[in-house]
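The values are calculated or read from the model by the stated rules, or taken from the named source; none is laboratory data. Just so it is clear, the model here is predicted, and its values are computed rather than measured. Cβ coordinates were reconstructed from backbone atoms using ideal geometry, including for glycine residues, and neighbour counts include every protein chain displayed. Ligands, DNA and RNA are stripped out before the accessible areas are found, and what is left, the full protein with its side chains, is counted by its heavy atoms. Shrake-Rupley method; radii C 1.70, N 1.55, O 1.52, S 1.80 Å.
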Amino acid sequence: MKKILVIEDDPDLFALLRYNLEKEGLIFTGVQTGKGALELFRKERPDLVLLDIMLPDCDGLDLCKGIRSDPELSLVPIIMLTARASETDRIVGLELGANDYLVKPFFIRELIVRIKVQFRNQASPARLQGGGVELDRKSCQAFLNGKTLSLTATEFRLLQVLMNRPGVVFSREQLLDAVWGSDRAITDRTVDVYILRLRQKVEREAESPELIHSVRGFGYTFEPHRSSGTPHLPA
């Protein structure tokens, strides 16, 4: 059974999450302050963390950063729960390593679905390879022809989504949902900006990509050594 660690100061929401997570057959553990959260994390070894940003005694963003900086904790998915809805807050949270970001108030069923998505992602291969690029999901490291790539957390997740299904074309909307979460206030243009950043890091020539291709009218695909033919579209 999967274990969920909840770090949430609102007692009503804390109790509601406990009820619904246990109803789903998940093991619940939690704390209502930031103090002692990392110690509980290390003790309980959860499979996923639900993290409130606005805690009474610390900033949840600092907790997220602390989790991601600890090699023993860094691989556990984090879903942030917060009343902060600005684009800047979302981007900061995701850049610090959160896997998803859900703004309060939210529907419990949506949260459960997002948790299940994270568990499905964990079932993907530990290492992804193609075109000289290698992603190590366990260490969250990326390599190009054996040399370490310096990727932000968001760039890593975007490349991971593309490499996980080579040859499949993802629309900008699909990439936004997969990388930034469906509850967001950012535009399709954000995907274009991050694709350009990735190309500048993994392509020999960003203007003539050989790995990350644009498909006019559809979106983007990761397809090394692509021929002139049309890549596979989503089923």
**Message:** Just to be sure I understand, how many residues within the stretch 45-84 are open to solvent by less than 50 Å² (accessible area, probe 1.4 Å) and either part of a helix (DSSP H, G or I) or of a type in the set (Ser, Thr, Tyr) (or both)?
**Reply:** 8
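Limited to the stretch 23-58, what total is found for residues that are of a type in the set (Ser, Thr, Tyr) and touching a strand residue (DSSP E or B) at 6+ places or on another chain (Cβ under 7 Å)? Before you say what the answer is, go through the steps one by one.
At the first step, the residues of the stretch 23-58 found to be of a type in the set (Ser, Thr, Tyr) are 29, 33.
If we keep only those that are touching a strand residue (DSSP E or B) at 6+ places or on another chain (Cβ under 7 Å) too, we end up with 29.
The qualifying residues number 1.
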**Prompt:** What is the number of the single condition among (1) surrounded by 18 or more Cβ atoms within 10 Å (Cβ to Cβ); (2) under 19 Å from residue 75 (Cα atoms) that residue 13 does not meet?
**Reply:** (2)
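Restricting to the stretch 80-122, what's the tally of residues that are of a type in the set (Gly, Ala, Ser), in contact (Cβ under 8 Å) with a residue 60 or more places away in the chain and touching a helix residue (DSSP H, G or I) at 6+ places or on another chain (Cβ under 7 Å)? Break it down stepwise before answering.
Quick first cut of the stretch 80-122, residues of a type in the set (Gly, Ala, Ser) only: 83, 85-86, 93, 97-98.
Add one more test, that the residue is in contact (Cβ under 8 Å) with a residue 60 or more places away in the chain, and what stays is 85-86.
Next, only the ones that are touching a helix residue (DSSP H, G or I) at 6+ places or on another chain (Cβ under 7 Å) stay: none.
Matching residues across the stretch 80-122 total 0.
Restricting to strands (runs of 3 or more DSSP E) lying wholly in the stretch 124-206: which have 1 or more residues that are buried (at least 20 other Cβ atoms within 10 Å of the Cβ), modelled with pLDDT of 90 or more and in contact with an Asp or Glu (Cβ under 9 Å, 6 or more places away or on another chain)?
Details: elements: 127-130, 133-136, 141-144, 147-149.
So the answer is 141-144.
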**Residues of the stretch 1-10 classified as open to solvent by 30 Å² or more (accessible area, probe 1.4 Å) and either closer than 18 Å to residue 110 by Cα or under 23 Å from the mean Cα position of the chain (by Cα) (or both), total** = 3
**Prompt:** Taking the stretch 58-88 on its own, how many of its residues are under 15 Å from the mean Cα position of the chain (by Cα) and of a type outside the set (A, V, I, L, M)?
**Reply:** 5
**Item:** Some residue of the stretch 36-58 being free of Cβ contacts under 8 Å to residues at least 40 places away in the same chain and β-branched (Val, Ile, Thr)
**Value:** no
**Fill in**
Expected single match for of a type outside the set (Phe, Trp, Tyr) and within 26 Å of residue 68 (Cβ to Cβ) among 189, 165, 216, 172 is 165
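Just give me the residues in the stretch 85-123 being among the hydrophobic types (A, V, I, L, M, F, W, C) and not in a loop (DSSP other than H, G, I, E, B), in sequence order. Full working, then the answer.
Keep residues of the stretch 85-123 that are among the hydrophobic types (A, V, I, L, M, F, W, C), which gives 85, 91-92, 94, 96, 98, 102-103, 106-108, 111-113, 115, 117, 119, 123.
Within the stretch 85-123, 91, 92, 94, 102, 103, 108, 111, 112, 113, 115, 117, 119 meet the criteria.
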**Message:** Among the residues of the stretch 85-116, what is the count of those that are modelled with pLDDT of 85 or more, hydrophobic (A, V, I, L, M, F, W, C) and either surrounded by fewer than 17 Cβ atoms within 10 Å (Cβ to Cβ) or in contact with a His (Cβ under 9 Å, 6 or more places away or on another chain) (or both)?
**Reply:** 5
**Asked** Which of the residues spanning the stretch 16-40 are more than 19 Å from residue 82 (Cα to Cα) and open to solvent by 50 Å² or more (accessible area, probe 1.4 Å)?
**Response** 19, 22, 23, 24, 27, 39
